[in-house]
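The values are calculated or read from the model by the stated rules, or taken from the named source; none is laboratory data. Predicted model only: the values in this text are computed from it and were never measured. Here the Cβ is made from the backbone with ideal geometry for all residues, glycine too, and neighbour counts use every protein chain on show.
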Amino acid sequence: MQNTSTQTEGSCQTLLVPSQTYSVTVAGKAVACLDAGKADFASWEMIQPGEVMIHVDGDASGTTISPLRRNIRPVVNGGTIAFTITEPGNLCVILPDRKPLFLYIDAPGAEVPQPGERQVRYYGGGRVYDVGEIELHSGDTLCIERGSVLRGNIMCRDAEGVRICGGGILDGSYYDSVSGEFVRSIVFENCRDVVVEGIIMVHPTTWMLVLARCEHVVVRGVKQIGSCMSSDGIDICGSRDVLVEKCCLRNDDDNIAVKSLFTSDGRDWRGNIADVIVRDCTFLNGQPGNVMEIGYELSADRVGEVLFENIDVIQANGDGAVFSIHNGDRAVVENITWRDIRVEHYWDKLVDLRIVHSRYNRDESRGHIRNIRFEKIGVTGSIYNEGCSISLIGGFSAEHEVSGVQFEDFSLNGTKVTDGDAIDLHVRHATGLAFS
């Protein structure tokens, strides 16, 4: 990635500036390290194994590299952090009293279109493009080349066969949340056969990627750093047949949110939800919101067949939960599975499954939650969790209850959870809880 912090096209100056905390070299060559608000990042294609060296201002003692399952143990010498990478992937470097540094290490050779191809909008050349809103139509491909920055937002309605790709950056700082200009970064509405892959999204003013009443969608390898309130990562609203994989999301609200709603600005994004898979991802949740959320807005008949699998939760820092369903409308929420999840840190709530009435909801009647499974979950707690962190499973009434929640091979600090006491679980209007 080239340093894109000073070159602009238009009247606005990009907010992407070099990191004031970190500098990065890979195999002896400098890689641009940029400031994205509450985290910094560097991105490159991995050609072969090599040494990564990170320099910080001050002592780097206590550095860890997540996901911890990668078992990368850096050598720290004063303000220098060194380690070797042998395979692509997304890493998060965490130091005490400093903001995180994300390393987006891509495999080489990602297939992208070429400039001049039919229905291809190509932004390349290591430039910053101030574009405002881009509207995509059926058959369009939008490519943001690695090393380039596209400032604005993307809207696509009533279309099919649309693709967004490239290793470049979509920068929402074109809009100003301070002046009340809240613009969702990418919205697909009533679309089919959509692919979003490889891009980096930063500086949103509100929700980052919305899939509203869509079918047959793939979101692959997307990276996000959202540092403002309500910077949801991926909102799956009234959609079916959605695959989210290999993404790395840092958000100050829900990382993943499954919803069905009529929005405050008059958009009808209601519809039944089915066949959603989120897998092979890394999440860091700031504050507020939840990591993997279904709700609150569920104005639909049914939400079912949702799978979260092979997920690394680096941090859940706020007052939300890691695993959450908040059913505030009429929907029957069923057949939801969390499988093979590793939680490295959580704070307020671990599990939060509730049927509620809240300010977010429209339906007069309440719904149901049933057939929920937790399989092969490994959670790391700390001394700060005890007495502060809880789990909740609660129906709205005896007629609107939570039923059939199964915990299978669920562990906390290496010890298998065999009852609710281990996770400080509070229960009401719930039946069929089982631990095995």
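From 173, 185, grab the single residue that is of a type in the set (S, T, N, Q), within 18 Å of residue 226 (Cβ to Cβ), buried (at least 24 other Cβ atoms within 10 Å of the Cβ) and assigned by TED's automatic domain parsing to the domain that holds residue 226.
185
Number of residues in the stretch 399-436 that are more than 15 Å from residue 367 (Cβ to Cβ), in a strand (DSSP E or B) and free of Cβ contacts under 8 Å to residues at least 60 places away in the same chain: the value is 16. Among residues of the stretch 325-348 that are surrounded by fewer than 20 Cβ atoms within 10 Å (Cβ to Cβ), those with a Cβ under 7 angstrom from a residue that is modelled with pLDDT under 95 and among the charged types (D, E, K, R), sequence gap 6+ or separate chain, pair up as 348/319. Within the stretch 365-398, the set of residues being charged (D, E, K, R) and in contact (Cβ under 8 Å) with a residue 24 or more places away in the chain comprises 366, 370, 373, 375, 376.
Does residue 161 qualify as being in contact with a helix residue (DSSP H, G or I) (Cβ under 9 Å, 6 or more places away or on another chain) and either surrounded by fewer than 18 Cβ atoms within 10 Å (Cβ to Cβ) or not assigned by TED's automatic domain parsing to the domain that holds residue 242 (or both)? So residue 161 does not fit the description; no.
Inspect the stretch 287-295 for any residue being surrounded by 24 or more Cβ atoms within 10 Å (Cβ to Cβ), more than 22 Å from residue 368 (Cβ to Cβ) and not aliphatic (A, V, I, L, M) and give the result as yes or no. Yes, because at least one residue in the stretch 287-295 is surrounded by 24 or more Cβ atoms within 10 Å (Cβ to Cβ), more than 22 Å from residue 368 (Cβ to Cβ) and not aliphatic (A, V, I, L, M).
Candidates are the residues of the stretch 118-133 that are in contact with a Ser or Thr (Cβ under 7 Å, 6 or more places away or on another chain) and in a loop (DSSP other than H, G, I, E, B); the one that is modelled with the lowest pLDDT is 125.
Here residue 300 clears all of (1) closer than 22 Å to residue 273 by Cβ; (2) under 22 Å from the mean Cα position of the chain (by Cα); (3) not in a strand (DSSP E or B) except the condition numbered (2). Per the listing 357, 326, the residue uniquely assigned to a strand (DSSP E or B) and over 22 Å from residue 279 (Cβ atoms) is 326.
So which strands (runs of 3 or more DSSP E) are wholly in the stretch 200-283 and hold at least 3 residues that are surrounded by fewer than 20 Cβ atoms within 10 Å (Cβ to Cβ)?
215-220, 240-245
Within the option set 317, 371, 335, being assigned by TED's automatic domain parsing to the domain that holds residue 253 and either under 15 Å from the mean Cα position of the chain (by Cα) or of a type in the set (Phe, Trp, Tyr) (or both) holds for one residue only, 317. Scanning the stretch 54-70 for residues that are among the small types (Gly, Ala, Ser) and loosely packed, with under 13 Cβ neighbours inside 10 Å, we see that the one that is nearest to residue 249 (Cα to Cα) is 62.
Pick from 147, 180, 126: which is free of Cβ contacts under 8 Å to residues at least 40 places away in the same chain, surrounded by fewer than 23 Cβ atoms within 10 Å (Cβ to Cβ) and not hydrophobic (A, V, I, L, M, F, W, C)?
Matching residue, one of 147, 180, 126: 180.
Residues of the stretch 393-420 that are farther than 21 Å from residue 341 by Cβ and loosely packed, with under 14 Cβ neighbours inside 10 Å: 397, 398, 399.
Checking each residue in the stretch 268-288 for being at pLDDT below 95 and either among the polar types (S, T, N, Q) or under 23 Å from residue 362 (Cβ atoms) (or both) picks out 287, 288. Could you check how many residues of the stretch 329-339 are outside any strand (DSSP E or B) and not charged (D, E, K, R)? So the count comes out to 1.
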